[in-house]
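Right, one structure below, let's go through it.
Values in this text are rule-based calculations from the coordinates and carry no lab data. Worth saying up front: this structure is predicted, and the values here are computed from it rather than measured. As a convention, Cβ positions derive from the backbone with ideal geometry for all residues, glycine included, and neighbour counts pool all protein chains shown.
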Amino acid sequence: MRHDEPSSVPPRPTNAIARSLGRVHPAIWPLGLGAVGLVGVVLLHSVDPNQPGFYPGCPWLALTGTFCPGCGTTRALAALTHLDVLGALSMNPLLVAFLPFALYSYLTWLRNSLWPHRRRPRTLVPTWALWGILAGIVTFWILRNLPWFSFLAPGAPLLPSW
């Protein structure tokens, strides 16, 4: 085979870290992330983010005085650990809308990692969907800082009182 021809065999990793990571079962990554997430859920359930001092504040809010799309996420997740869906919606409705997609994506990743020998087509999120998600996040970011949409601000009542 000449050097300029493409090879059908991928090159082998040359450094020790890449070789070590290649020997790790693929399910380690989603299981590890799940364990870290479980620790975070227990922490959020036991330490109230509404009390000052333990959790850091939003740097965007501190610098600009406006809400970012993630403002209220910690308090929304803490409310969800107490099964307070309405409280979570009032803190960050975008997060509550995104959680089913995130859970589905995580479970799909875990399933594909646990049973890697099944032949499944590897489909990524279509480009148009990624652009749509980005446009939705930016739209939410802008709207929650406008006075007409103040009900999107963290901790605001769910229904606007015009």
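Name the residues whose placed amide hydrogens come within less than 5 Å of the amide hydrogen of Gly72, ignoring near sequence neighbours (fewer than 5 apart) on the same chain.
Residues meeting the amide H criterion: none.
When the Karplus curve 6.51 cos²θ - 1.76 cosθ + 1.60 is applied with θ = phi - 60°, which whole-Hz ³J(HN,Hα) does each residue of region 28-43 get, with x for Gly and Pro?
So the Karplus estimates, Gly and Pro as x, are 4, 5, x, 5, x, 5, x, 5, 5, x, 5, 4, x, 5, 5, 5 Hz.
Along Cα→Cβ, 7 Å out, is where each label goes; now give me the distance between the ones at Thr64 and Leu99 in nm to one decimal.
Taking the two extended label points, one gets 2.6 nm.
Using 0.36 nm times the number of residues separating Ile137 and Tyr106, minus their current alpha carbon distance, what extension gain do you get?
9.1 nm
When ranked by the protection proxy of mean other Cβ atoms within 10 Å per residue, highest first, what sequence do the peptides 80-92, 33-45 form?
80-92, 33-45
Taking the highest mean first, how do the peptides 149-155, 51-57 order by number of other beta carbon atoms within 10 angstrom per residue?
Ranking the peptides 149-155, 51-57 by packing returns 149-155, 51-57.
Per residue of region 63-74, what does 6.51 cos²θ - 1.76 cosθ + 1.60 with θ = phi - 60° give for ³J(HN,Hα)? Whole Hz please, x for Gly and Pro, Karplus curve as stated.
Once rounded to whole Hz, the list reads 7, 10, x, 10, 7, 8, x, x, 4, x, 5, 4.
Using the basic label-point model (7 angstrom from Cα toward the beta carbon), what is the Thr81 to Ser46 distance in nanometres?
Placing both labels 7 Å beyond Cα along the Cβ direction yields 0.9 nm.
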